[in-house]
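I have placed the structure first, in the form of C-alpha coordinates, so that the comments after it can refer back to it.
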Amino acid sequence: MMNALIVDLIPVWVVIIALSVFLYVLLDGFDLGVGMLYGLAPQKDRPMIMNAIAPVWDGNETWLILGAVALLAVFPLAFAIVIPAVYFPILIMLLALVFRGLAFEFRFEEPRLHHFWNRGFAVGSAVAAFAQGAVLGAFIQGFHVEGRVFAGSSWDWLTPFSVMTGLALMCGYGLLGAGWLIIKTEGDLQAWARMMGRRALIGVMLAISAVSLWTPAMDPAIAARWFTLPHAMWLAPIPLATGGIAILCWRALKGHGPDVLPFFAGLGLFLLSYLGVAISLWPMIVPHHYTLWQASSAVGTQMFLLIGTLVLLPVILMYTGWSYWVFRGKLKPDVGYH
(Lines give C-alpha, C1' and ligand atoms only; values in the text may rest on other atoms or scores of the structure.)
Protein backbone atom coordinates (compact mmCIF):
# COMPACT_ATOMS: atom_id res chain seq x y z
CA MET A 1 0.00 0.00 0.00
CA MET A 2 2.82 2.37 0.96
CA ASN A 3 4.72 1.61 -2.27
CA ALA A 4 1.58 2.26 -4.30
CA LEU A 5 1.17 5.67 -2.66
CA ILE A 6 4.81 6.57 -3.19
CA VAL A 7 4.88 5.76 -6.90
CA ASP A 8 1.47 7.19 -7.81
CA LEU A 9 2.54 10.29 -9.73
CA ILE A 10 -0.73 10.68 -11.61
CA PRO A 11 -2.13 13.39 -9.28
CA VAL A 12 1.10 15.37 -9.72
CA TRP A 13 0.87 15.14 -13.50
CA VAL A 14 -2.82 16.03 -13.45
CA VAL A 15 -1.92 19.25 -11.62
CA ILE A 16 0.95 20.03 -14.02
CA ILE A 17 -1.11 19.43 -17.17
CA ALA A 18 -4.18 21.22 -15.75
CA LEU A 19 -2.00 24.21 -14.81
CA SER A 20 -0.39 24.27 -18.27
CA VAL A 21 -3.74 24.13 -20.06
CA PHE A 22 -5.29 26.78 -17.82
CA LEU A 23 -2.34 29.17 -18.16
CA TYR A 24 -2.44 28.68 -21.92
CA VAL A 25 -6.17 29.43 -22.02
CA LEU A 26 -5.63 32.49 -19.83
CA LEU A 27 -2.56 33.95 -21.53
CA ASP A 28 -3.09 33.02 -25.18
CA GLY A 29 -6.84 33.42 -24.66
CA PHE A 30 -6.68 37.12 -23.94
CA ASP A 31 -4.28 37.83 -26.79
CA LEU A 32 -6.47 35.86 -29.22
CA GLY A 33 -9.39 37.88 -27.85
CA VAL A 34 -7.52 41.13 -28.44
CA GLY A 35 -6.74 39.89 -31.96
CA MET A 36 -10.45 39.32 -32.67
CA LEU A 37 -11.39 42.72 -31.22
CA TYR A 38 -8.64 44.28 -33.35
CA GLY A 39 -10.65 43.39 -36.46
CA LEU A 40 -13.74 45.14 -35.08
CA ALA A 41 -12.05 48.24 -33.66
CA PRO A 42 -12.08 51.74 -35.18
CA GLN A 43 -9.13 52.26 -37.50
CA LYS A 44 -7.60 55.01 -35.34
CA ASP A 45 -7.43 52.73 -32.28
CA ARG A 46 -5.83 49.71 -33.94
CA PRO A 47 -2.16 50.68 -33.35
CA MET A 48 -2.86 51.02 -29.63
CA ILE A 49 -4.67 47.67 -29.55
CA MET A 50 -1.75 45.96 -31.28
CA ASN A 51 0.70 47.53 -28.82
CA ALA A 52 -1.37 46.10 -25.94
CA ILE A 53 -0.23 42.56 -26.78
CA ALA A 54 2.85 43.04 -28.97
CA PRO A 55 5.46 42.55 -26.19
CA VAL A 56 3.93 39.37 -24.74
CA TRP A 57 1.78 37.54 -27.29
CA ASP A 58 4.35 35.17 -28.79
CA GLY A 59 5.50 33.69 -25.44
CA ASN A 60 2.05 32.59 -24.36
CA GLU A 61 1.99 29.48 -26.55
CA THR A 62 4.80 27.92 -24.52
CA TRP A 63 2.13 26.52 -22.21
CA LEU A 64 0.36 24.78 -25.09
CA ILE A 65 3.59 22.99 -26.02
CA LEU A 66 4.28 21.97 -22.41
CA GLY A 67 0.77 20.57 -21.98
CA ALA A 68 0.90 18.66 -25.27
CA VAL A 69 4.32 17.14 -24.55
CA ALA A 70 3.24 16.11 -21.05
CA LEU A 71 0.09 14.47 -22.45
CA LEU A 72 2.15 12.55 -25.02
CA ALA A 73 4.76 11.35 -22.53
CA VAL A 74 2.62 10.63 -19.46
CA PHE A 75 -0.68 9.55 -21.04
CA PRO A 76 0.42 8.03 -24.38
CA LEU A 77 -2.75 5.96 -24.78
CA ALA A 78 -4.92 9.07 -24.42
CA PHE A 79 -2.69 10.96 -26.85
CA ALA A 80 -2.93 8.12 -29.38
CA ILE A 81 -6.74 8.11 -29.22
CA VAL A 82 -7.59 11.80 -28.78
CA ILE A 83 -5.22 13.39 -31.29
CA PRO A 84 -6.45 11.38 -34.34
CA ALA A 85 -10.03 12.15 -33.29
CA VAL A 86 -9.46 15.91 -33.30
CA TYR A 87 -6.70 16.02 -35.90
CA PHE A 88 -8.46 18.43 -38.26
CA PRO A 89 -9.44 21.13 -35.72
CA ILE A 90 -5.92 20.96 -34.26
CA LEU A 91 -4.46 21.31 -37.76
CA ILE A 92 -6.78 24.27 -38.42
CA MET A 93 -5.75 25.83 -35.10
CA LEU A 94 -2.04 25.47 -35.81
CA LEU A 95 -2.37 26.89 -39.33
CA ALA A 96 -4.39 29.81 -37.94
CA LEU A 97 -1.75 30.48 -35.26
CA VAL A 98 1.03 30.39 -37.86
CA PHE A 99 -0.89 32.68 -40.24
CA ARG A 100 -1.63 35.03 -37.33
CA GLY A 101 2.06 35.22 -36.50
CA LEU A 102 2.95 35.94 -40.13
CA ALA A 103 0.28 38.63 -40.29
CA PHE A 104 1.64 40.28 -37.14
CA GLU A 105 5.16 40.59 -38.57
CA PHE A 106 4.32 41.23 -42.23
CA ARG A 107 1.91 44.09 -41.49
CA PHE A 108 4.94 46.18 -40.52
CA GLU A 109 7.13 45.06 -43.40
CA GLU A 110 4.67 45.21 -46.31
CA PRO A 111 2.86 48.59 -46.25
CA ARG A 112 1.06 47.85 -49.55
CA LEU A 113 -0.62 44.81 -47.99
CA HIS A 114 -1.15 46.42 -44.61
CA HIS A 115 -4.96 46.01 -44.67
CA PHE A 116 -4.72 42.40 -45.83
CA TRP A 117 -2.40 41.46 -42.98
CA ASN A 118 -4.54 43.39 -40.49
CA ARG A 119 -7.57 41.35 -41.49
CA GLY A 120 -5.40 38.22 -41.48
CA PHE A 121 -4.39 38.84 -37.86
CA ALA A 122 -8.03 39.15 -36.76
CA VAL A 123 -9.24 36.20 -38.84
CA GLY A 124 -6.36 34.00 -37.67
CA SER A 125 -7.20 34.84 -34.05
CA ALA A 126 -10.89 34.02 -34.56
CA VAL A 127 -10.24 30.72 -36.37
CA ALA A 128 -7.72 29.57 -33.75
CA ALA A 129 -10.17 30.37 -30.94
CA PHE A 130 -13.03 28.54 -32.67
CA ALA A 131 -10.87 25.47 -33.37
CA GLN A 132 -9.80 25.24 -29.73
CA GLY A 133 -13.41 25.42 -28.60
CA ALA A 134 -14.39 22.73 -31.11
CA VAL A 135 -11.65 20.44 -29.74
CA LEU A 136 -13.01 20.98 -26.23
CA GLY A 137 -16.55 20.17 -27.38
CA ALA A 138 -15.42 17.02 -29.16
CA PHE A 139 -13.50 15.94 -26.05
CA ILE A 140 -16.53 16.42 -23.78
CA GLN A 141 -18.73 14.43 -26.17
CA GLY A 142 -16.25 11.56 -26.29
CA PHE A 143 -14.91 9.42 -29.12
CA HIS A 144 -15.69 6.15 -30.89
CA VAL A 145 -13.03 3.80 -29.54
CA GLU A 146 -12.51 0.12 -30.31
CA GLY A 147 -9.89 -1.56 -28.16
CA ARG A 148 -7.10 0.99 -27.77
CA VAL A 149 -7.54 3.01 -30.98
CA PHE A 150 -9.84 5.72 -32.29
CA ALA A 151 -12.35 4.05 -34.62
CA GLY A 152 -14.43 7.03 -35.78
CA SER A 153 -14.16 9.22 -38.86
CA SER A 154 -12.12 12.38 -39.36
CA TRP A 155 -15.28 14.49 -39.12
CA ASP A 156 -16.80 13.06 -35.93
CA TRP A 157 -15.59 16.16 -34.09
CA LEU A 158 -17.86 18.42 -36.15
CA THR A 159 -21.21 18.39 -34.33
CA PRO A 160 -23.73 21.05 -33.22
CA PHE A 161 -22.26 20.77 -29.71
CA SER A 162 -18.67 21.33 -30.85
CA VAL A 163 -19.75 24.26 -33.04
CA MET A 164 -21.47 25.75 -29.99
CA THR A 165 -18.38 25.30 -27.80
CA GLY A 166 -16.26 26.82 -30.57
CA LEU A 167 -18.43 29.95 -30.63
CA ALA A 168 -18.50 29.93 -26.82
CA LEU A 169 -14.71 30.05 -26.59
CA MET A 170 -14.62 32.92 -29.08
CA CYS A 171 -16.94 34.85 -26.72
CA GLY A 172 -14.81 33.87 -23.71
CA TYR A 173 -11.57 34.98 -25.34
CA GLY A 174 -13.31 38.18 -26.45
CA LEU A 175 -14.23 38.84 -22.81
CA LEU A 176 -10.63 38.30 -21.65
CA GLY A 177 -9.34 40.44 -24.52
CA ALA A 178 -11.70 43.27 -23.61
CA GLY A 179 -10.59 42.98 -19.98
CA TRP A 180 -6.94 43.25 -21.02
CA LEU A 181 -7.64 46.35 -23.14
CA ILE A 182 -9.44 47.95 -20.18
CA ILE A 183 -6.29 47.41 -18.09
CA LYS A 184 -3.93 48.76 -20.75
CA THR A 185 -5.88 51.72 -22.18
CA GLU A 186 -7.83 54.84 -21.20
CA GLY A 187 -10.44 57.19 -22.67
CA ASP A 188 -12.52 56.33 -25.74
CA LEU A 189 -10.69 53.08 -26.47
CA GLN A 190 -11.26 51.85 -22.92
CA ALA A 191 -14.98 52.77 -23.17
CA TRP A 192 -15.19 50.81 -26.45
CA ALA A 193 -13.49 47.82 -24.80
CA ARG A 194 -16.01 47.94 -21.94
CA MET A 195 -18.89 47.86 -24.45
CA MET A 196 -17.38 44.91 -26.35
CA GLY A 197 -16.73 43.15 -23.04
CA ARG A 198 -20.41 43.39 -22.08
CA ARG A 199 -21.43 41.90 -25.43
CA ALA A 200 -18.93 39.06 -24.98
CA LEU A 201 -20.12 38.44 -21.42
CA ILE A 202 -23.70 37.93 -22.64
CA GLY A 203 -22.39 35.32 -25.10
CA VAL A 204 -20.31 33.66 -22.37
CA MET A 205 -23.26 33.32 -19.98
CA LEU A 206 -25.51 31.95 -22.73
CA ALA A 207 -22.78 29.42 -23.59
CA ILE A 208 -22.22 28.40 -19.96
CA SER A 209 -25.97 27.85 -19.56
CA ALA A 210 -26.16 25.81 -22.77
CA VAL A 211 -23.17 23.60 -21.87
CA SER A 212 -24.50 23.13 -18.31
CA LEU A 213 -27.77 21.72 -19.66
CA TRP A 214 -26.52 20.04 -22.84
CA THR A 215 -23.66 18.05 -21.28
CA PRO A 216 -25.77 16.23 -18.64
CA ALA A 217 -28.41 15.57 -21.30
CA MET A 218 -25.79 13.68 -23.36
CA ASP A 219 -24.52 11.52 -20.49
CA PRO A 220 -26.69 10.09 -17.66
CA ALA A 221 -23.59 9.59 -15.48
CA ILE A 222 -22.76 13.30 -15.66
CA ALA A 223 -26.39 14.18 -14.98
CA ALA A 224 -26.38 11.93 -11.90
CA ARG A 225 -23.17 13.55 -10.66
CA TRP A 226 -24.63 17.07 -10.81
CA PHE A 227 -28.33 16.63 -10.12
CA THR A 228 -28.67 13.89 -7.49
CA LEU A 229 -28.12 14.15 -3.72
CA PRO A 230 -25.73 14.41 -2.00
CA HIS A 231 -23.51 15.47 -4.94
CA ALA A 232 -25.85 18.29 -5.95
CA MET A 233 -25.55 19.85 -2.51
CA TRP A 234 -21.73 19.79 -2.55
CA LEU A 235 -21.50 21.08 -6.13
CA ALA A 236 -24.14 23.82 -5.79
CA PRO A 237 -21.54 26.51 -4.88
CA ILE A 238 -20.06 26.26 -8.38
CA PRO A 239 -23.11 27.49 -10.36
CA LEU A 240 -23.94 29.96 -7.59
CA ALA A 241 -20.40 31.39 -7.69
CA THR A 242 -20.58 31.54 -11.49
CA GLY A 243 -23.74 33.65 -11.30
CA GLY A 244 -22.23 35.92 -8.65
CA ILE A 245 -19.02 36.50 -10.62
CA ALA A 246 -21.02 37.18 -13.79
CA ILE A 247 -22.89 39.97 -11.98
CA LEU A 248 -19.59 41.31 -10.61
CA CYS A 249 -18.07 41.19 -14.11
CA TRP A 250 -21.03 43.07 -15.63
CA ARG A 251 -20.79 45.81 -13.00
CA ALA A 252 -17.02 46.02 -13.52
CA LEU A 253 -17.51 46.38 -17.26
CA LYS A 254 -19.92 49.24 -16.54
CA GLY A 255 -17.12 51.02 -14.68
CA HIS A 256 -17.64 49.97 -11.06
CA GLY A 257 -14.33 49.05 -9.43
CA PRO A 258 -10.69 49.13 -10.56
CA ASP A 259 -9.67 48.61 -14.19
CA VAL A 260 -8.25 45.14 -13.45
CA LEU A 261 -11.58 43.83 -12.17
CA PRO A 262 -13.23 42.91 -15.54
CA PHE A 263 -10.19 40.82 -16.53
CA PHE A 264 -10.01 38.94 -13.25
CA ALA A 265 -13.78 38.46 -13.13
CA GLY A 266 -13.59 36.96 -16.62
CA LEU A 267 -10.72 34.79 -15.41
CA GLY A 268 -12.94 33.61 -12.54
CA LEU A 269 -15.63 32.54 -15.01
CA PHE A 270 -13.04 30.56 -16.99
CA LEU A 271 -11.74 28.92 -13.83
CA LEU A 272 -15.21 27.84 -12.68
CA SER A 273 -16.10 26.55 -16.15
CA TYR A 274 -12.81 24.62 -16.27
CA LEU A 275 -13.59 23.16 -12.85
CA GLY A 276 -17.09 22.20 -13.99
CA VAL A 277 -15.75 20.27 -17.00
CA ALA A 278 -13.14 18.54 -14.82
CA ILE A 279 -15.77 17.45 -12.28
CA SER A 280 -18.04 16.15 -15.05
CA LEU A 281 -15.34 13.99 -16.65
CA TRP A 282 -13.21 12.93 -13.65
CA PRO A 283 -11.33 10.53 -13.60
CA MET A 284 -11.60 9.89 -17.35
CA ILE A 285 -8.98 11.15 -19.78
CA VAL A 286 -10.60 9.41 -22.75
CA PRO A 287 -14.25 10.06 -21.86
CA HIS A 288 -16.36 6.89 -21.41
CA HIS A 289 -13.37 4.60 -22.09
CA TYR A 290 -10.13 5.11 -20.13
CA THR A 291 -9.25 6.68 -16.80
CA LEU A 292 -6.07 8.66 -16.09
CA TRP A 293 -4.47 5.61 -14.50
CA GLN A 294 -5.43 3.23 -17.33
CA ALA A 295 -3.93 5.53 -19.98
CA SER A 296 -0.69 6.38 -18.18
CA SER A 297 2.88 5.45 -19.08
CA ALA A 298 5.27 3.46 -16.88
CA VAL A 299 6.12 4.92 -13.47
CA GLY A 300 9.81 5.12 -14.39
CA THR A 301 8.97 7.23 -17.44
CA GLN A 302 6.78 9.51 -15.38
CA MET A 303 9.53 9.99 -12.77
CA PHE A 304 12.19 10.72 -15.40
CA LEU A 305 9.98 13.35 -17.05
CA LEU A 306 8.89 14.82 -13.74
CA ILE A 307 12.46 15.69 -12.75
CA GLY A 308 12.99 17.70 -15.92
CA THR A 309 9.55 19.30 -15.71
CA LEU A 310 10.08 20.46 -12.12
CA VAL A 311 13.23 22.23 -13.31
CA LEU A 312 11.64 23.68 -16.44
CA LEU A 313 8.33 24.81 -14.93
CA PRO A 314 9.72 27.45 -12.52
CA VAL A 315 11.90 28.85 -15.34
CA ILE A 316 8.86 29.31 -17.60
CA LEU A 317 6.87 30.84 -14.75
CA MET A 318 9.69 33.26 -13.93
CA TYR A 319 10.33 34.56 -17.45
CA THR A 320 6.59 34.79 -18.13
CA GLY A 321 6.04 36.79 -14.95
CA TRP A 322 9.07 38.96 -15.65
CA SER A 323 7.94 39.83 -19.18
CA TYR A 324 4.52 40.94 -17.92
CA TRP A 325 6.14 42.95 -15.11
CA VAL A 326 8.50 44.76 -17.51
CA PHE A 327 5.64 45.81 -19.81
CA ARG A 328 3.16 46.65 -17.04
CA GLY A 329 1.12 49.85 -16.91
CA LYS A 330 -1.05 51.87 -19.30
CA LEU A 331 -0.06 52.31 -22.93
CA LYS A 332 1.16 55.70 -24.14
CA PRO A 333 -0.12 56.97 -27.51
CA ASP A 334 3.39 58.10 -28.56
CA VAL A 335 5.19 54.93 -27.46
CA GLY A 336 4.90 51.77 -29.55
CA TYR A 337 6.46 48.33 -29.47
CA HIS A 338 7.72 48.63 -33.07
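The values are calculated or read from the model by the stated rules, or taken from the named source; none is laboratory data. Because the structure is predicted, anything quoted here is derived from the model rather than measured. Quick reminder, even Gly has a Cβ in these numbers, built from the backbone with ideal geometry, and neighbours come from all protein chains shown. Areas reflect the complete protein model, heavy atoms only, side chains present, ligands, DNA and RNA absent. Shrake-Rupley method; radii C 1.70, N 1.55, O 1.52, S 1.80 Å.
Candidates in the range 28-56 are the residues that are under 15 Å from the mean Cα position of the chain (by Cα) and open to solvent by less than 20 Å² (accessible area, probe 1.4 Å); of these, the one that is modelled with the lowest pLDDT is Asp28. Within the range 142-166, residues that are in contact (Cβ under 8 Å) with a residue 24 or more places away in the chain and more than 17 Å from Trp214 (Cβ to Cβ) reach partners that are part of a loop (DSSP other than H, G, I, E, B) and open to solvent by 50 Å² or more (accessible area, probe 1.4 Å) with beta carbons closer than 6 Å, at six or more positions or on different chains, in the pairs Val145/His289; Gly152/His144. The selection criterion, being surrounded by fewer than 17 Cβ atoms within 10 Å (Cβ to Cβ), of a type in the set (Val, Ile, Thr), touching a Leu at 6+ places or on another chain (Cβ under 9 Å) and in contact (Cβ under 8 Å) with a residue 60 or more places away in the chain, does not hold for Val260. Across the range 143-152, the number of residues qualifying as among the small types (Gly, Ala, Ser) and either loosely packed, with under 13 Cβ neighbours inside 10 Å or modelled with pLDDT of 90 or more (or both) comes to 2. When the range 295-330 is filtered for residues that are assigned to a loop (DSSP other than H, G, I, E, B), in contact (Cβ under 8 Å) with a residue 60 or more places away in the chain and open to solvent by 60 Å² or more (accessible area, probe 1.4 Å), the ones remaining, listed by number, are Phe327, Lys330.
Just wondering, is there one or more residues in the range 108-119 that are over 30 Å from Gln302 (Cβ atoms) and buried (at least 16 other Cβ atoms within 10 Å of the Cβ)? Within the range 108-119, one or more residues are over 30 Å from Gln302 (Cβ atoms) and buried (at least 16 other Cβ atoms within 10 Å of the Cβ).
Taking (1) free of Cβ contacts under 8 Å to residues at least 24 places away in the same chain; (2) over 19 Å from the mean Cα position of the chain (by Cα) in turn, Ala78 satisfies each apart from (1).
Residue check: Phe79 meets all listed conditions (1) modelled with pLDDT of 90 or more; (2) part of a loop (DSSP other than H, G, I, E, B); (3) open to solvent by 10 Å² or more (accessible area, probe 1.4 Å) but one, namely (2). Taking every residue in the range 219-241 that is within 12 Å of Ile279 (Cα to Cα) and open to solvent by 70 Å² or more (accessible area, probe 1.4 Å) and pairing it with any residue that is of a type outside the set (Lys, Arg) and modelled with pLDDT under 90, at least 6 positions away or on another chain, the pairs with Cβ-Cβ distances below 6 Å are Arg225/His231.
Restricting to the range 276-294, and then to whatever is of a type in the set (Val, Ile, Thr) and outside any helix (DSSP H, G or I), can you tell me which residue is least open to solvent (accessible area, probe 1.4 Å)? Among those residues, the one meeting the criterion is Val286. Whether a residue is in contact (Cβ under 8 Å) with a residue 40 or more places away in the chain, open to solvent by less than 70 Å² (accessible area, probe 1.4 Å) and touching a helix residue (DSSP H, G or I) at 6+ places or on another chain (Cβ under 8 Å) was assessed, and Gly268 does not pass this test.
To keep it simple, each residue is scored yes or no on (1) touching a Gly at 6+ places or on another chain (Cβ under 7 Å); (2) in contact (Cβ under 8 Å) with a residue 12 or more places away in the chain; (3) farther than 14 Å from Trp180 by Cβ; (4) in a helix (DSSP H, G or I).
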site	(1), (2), (3), (4)
Leu27	no, yes, no, yes
Phe30	yes, yes, no, yes
Leu64	no, yes, yes, yes
Leu71	no, yes, yes, yes
Ile83	no, no, yes, yes
Met93	no, yes, yes, yes
Gly101	no, yes, yes, yes
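Taken over the range 153-200, residues that are open to solvent by less than 10 Å² (accessible area, probe 1.4 Å), more than 14 Å from Leu40 (Cα to Cα) and of a type in the set (Gly, Ala, Ser) amount to 4. Annotation: Leu64 fulfils all but one of (1) crowded, with 20+ Cβ neighbours inside 10 Å; (2) over 16 Å from the mean Cα position of the chain (by Cα); the unmet one is (2). Ile247 passes every criterion in (1) touching a Gly at 6+ places or on another chain (Cβ under 9 Å); (2) β-branched (Val, Ile, Thr); (3) open to solvent by 80 Å² or more (accessible area, probe 1.4 Å) apart from (1).
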